[in-house]
1. Within the range 59-137, considering only strands (runs of 3 or more DSSP E) that don't extend past its boundaries, which have at least 1 residues that are in contact with a Leu (Cβ under 8 Å, 6 or more places away or on another chain), aliphatic (A, V, I, L, M) and at pLDDT 95 or above?
2. Any chance you could count how many residues in the range 54-63 are in contact (Cβ under 8 Å) with a residue 40 or more places away in the chain and either touching a helix residue (DSSP H, G or I) at 6+ places or on another chain (Cβ under 7 Å) or surrounded by 19 or more Cβ atoms within 10 Å (Cβ to Cβ) (or both)?
3. Give me the pairs: first residue in the range 124-148 and in contact (Cβ under 8 Å) with a residue 40 or more places away in the chain, second residue among the acidic types (Asp, Glu) and surrounded by fewer than 17 Cβ atoms within 10 Å (Cβ to Cβ), beta-carbon distance under 7 Å, and six or more apart or on different chains, which are they?
4. Using the structure shown, decide if residue 66 is surrounded by fewer than 15 Cβ atoms within 10 Å (Cβ to Cβ) and acidic (Asp, Glu).
5. Considering only residues that are without any contact (Cβ under 8 Å) to a residue 40 or more places away in the chain and part of a loop (DSSP other than H, G, I, E, B), which ones fall in the range 31-47?
6. For the range 106-124, which positions are touching a helix residue (DSSP H, G or I) at 6+ places or on another chain (Cβ under 9 Å), surrounded by 15 or more Cβ atoms within 10 Å (Cβ to Cβ) and farther than 15 Å from residue 39 by Cα?
7. How about the range 64-82: which of its residues are of a type in the set (Gly, Ala, Ser) and in contact (Cβ under 8 Å) with a residue 12 or more places away in the chain?
8. Against the definition (surrounded by fewer than 13 Cβ atoms within 10 Å (Cβ to Cβ) and more than 10 Å from the chain's Cα centre (by Cα)), how does residue 94 come out, yes or no?
Amino acid sequence: MKVFAKTFVAAALFAVSTFAMATEGPGHKSEKVTVNLSTADFALDHYVAVTTRGESGGLEQLFADDFSQKIQASNVSTYGRNAVIKSLKKQKGEILNCKVNIRIVEKSGDYMIAKIALKFDNFSMTDLVTLIREGNSWKVSKSINSYQ
């Protein structure tokens with residue numbers, strides 16, 4: 001049953017991504033938006049908005065150059081910065097129907113680790129996120145997702 005649920009979710013996300021891409025149409029250009037990422041909390045809030053509420057502004061600004069995302073499901077997949085940004089742009093405006101719980105695991109002057117739990121009707125996802133300070137700005141450097 002878990003494999004079926006994960007397959008169904010993956011297919012639904014693919015369909016939503018395809019629909020979102022089709023509604024943009026050819027020649028659609030994303031506006032460059034500058035987001036305030038001067039604190040770790042601002043960066044974390046923006047990351048949650050991007051991943052759960054379909055925000056698409058400031059994506060390039062949010063992720064570190066060496067960003068990586070690991071998804072641990074029935075098999076492990078790893079994605080780089082460009083692939084994740086491209087996927088999130090396709091999900092612009094899509095709001096996930098889930099409850100979000102954020103817990104700061106560790107925080108210092110230069111990095112923060114947060115555990116984001118997304119609770120859906122039939123499953124949950126945990127996103128362990130690492131943020132780092134680069135100059136005067138905070139960026140997401142790593143994301144590890146697991147499903148239950």
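1. Here the list reads 99-107, 111-119, 124-134.
2. The number of residues fulfilling the criteria is 2.
3. What qualifies is 132/110; 133/110; 141/66.
4. yes
5. First, pick out the residues of the range 31-47 that are without any contact (Cβ under 8 Å) to a residue 40 or more places away in the chain: 31-36, 41, 45-46.
Across the range 31-47, the qualifying residues are 31, 32, 33, 34, 35, 36.
6. Correct list: 116, 118, 123.
7. 64, 68, 73, 74, 80
8. Against the criterion (surrounded by fewer than 13 Cβ atoms within 10 Å (Cβ to Cβ) and more than 10 Å from the chain's Cα centre (by Cα)), residue 94 does not qualify.
The values are calculated or read from the model by the stated rules, or taken from the named source; none is laboratory data. Since the structure is predicted, the reported quantities are computational estimates derived from the model, not experimental observations. Heads up, the Cβs are rebuilt from the backbone with ideal geometry, glycines too, and the neighbour counts pull from every protein chain shown.
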